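Bear in mind these aren't lab numbers, they're just calculated from the coordinates by the rules spelled out. Quantities reported herein were computed from a predicted structural model and do not represent experimental measurements. Virtual Cβ from ideal backbone geometry, glycine too; neighbours counted across all protein chains shown.
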C-alpha cells in the first residue's frame, strides 16, 4: 500500500512541477510585454539608432559580400550581437515545434513548454529587428546539423546549451552598454532567458536542483557571465555565416 501511495505522491509531484514550469514561463510573457513598451519609448526618444559618435552605424552596409556578418560597434553593435543570438534561438525552437517528431517524442506538457519558449524567442528576435531598423544585420543562416531533431535527448541538450549561453551572453554584455535605457531592457530580456534555462533544465531532470545548478550559478549566487568573443565562439558552429564582432566594446 505504501508503495502505491509513494507512486501517487511522485506522480502528483511531477504534475505540480509541470504546472509550475508553465506558470513560470507565463510570467515571462508579461516581462516581455513590458520590455517591448520600454523599447518603444527608447525609439520615441530618439535613442535608437545611433552609435557613440551620433552617426548611423549600418552594420548591413559594413558586411562583406561573402558570408561574413559585421555586428558593428558601440551600443548598436551589442544590440546586433543580441539580435544574432535571438535569431539562432528562434530558428532552433521553430524547427523543434514544427518538426515531424514533435508530437510523438515529447509529452503534452513538454510540447506546451517548448511552444511557449519558441514564441518568446521569436518575439525577442522581432523585438531587436524592429528596434534596430536599417542598422540590423541580415537574416542569419543557422546550422543545426549537430542536432538530431528526432531525438528528445539531443534537442533538450541543445536547448540547454542555447539557453545557458544566452543568459551568460546578456550577463556579460550588460556592462558594455552605455545607454542605461538599453541596459534596463537587456535586464528584462535576460530574466526571460533565465526562466527558459531553468525550465529546460527541469524538463531534463525534474524535481532536482539542476534548474540552478552549480555549473551556472556560483557560490555568491550569481549566474554565469561571458564576454561576446567567448559567446560568439561557442555559437559560431551553429551558424553558417561568419560573425564578425571585432569592433564590439570590451570594457
Scaled to the compact-protein estimate 2.2 N^0.38 Å, what is the alpha-carbon radius of gyration of the stretch 127-251, rounded to two decimal places?
1.13
Below 8 Å, C-alpha to C-alpha, sequence gap of six or more: please give me the relative contact order for the stretch 99-251 in percent.
28
Per the Kirkwood definition applied to all pairs of different Cα atoms, how many angstroms is the hydrodynamic radius of the stretch 169-208?
11.3
Ratio to report: Rg/Rh of the stretch 100-190, with Cα atoms as the point set and Rh obtained by the Kirkwood method; give two decimals.
1.02
In Å, the C-alpha Rg and Dmax of the stretch 109-157 are 14.2, 39
With each pseudo-label sitting 7 Å past Cα toward Cβ, what's the residue 141-residue 234 distance in nm, one decimal?
2.6
Residue exposure sequence - 201, 138 - by fewest surrounding Cβ within 10 Å
138, 201
Find how many whole Å separate the alpha carbon centroid of the stretch 211-228 from the alpha carbon centroid of the stretch 67-92.
23
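For residue 98 and residue 178, what does the FRET efficiency come to when R0 = 30 Å and r is the distance between their Cβ atoms, rounded to the nearest 0.05?
On the way: r = 39 Å, r/R0 = 1.28.
Using R0 = 30 Å, I get an efficiency of 0.20.
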Cα-based shape type of the stretch 173-232, given that a ≥ b ≥ c are square roots of the gyration tensor eigenvalues and the cut on a/c is 1.5
prolate
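Sort 70, 170 so that the residue with the fewest other Cβ atoms within 10 Å of its own Cβ comes first and the one with the most comes last.
Lowest to highest Cβ neighbour count: 70, 170.
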Separation of alpha-carbon centers, the stretch 105-147 and the stretch 159-192, rounded to whole Å
16
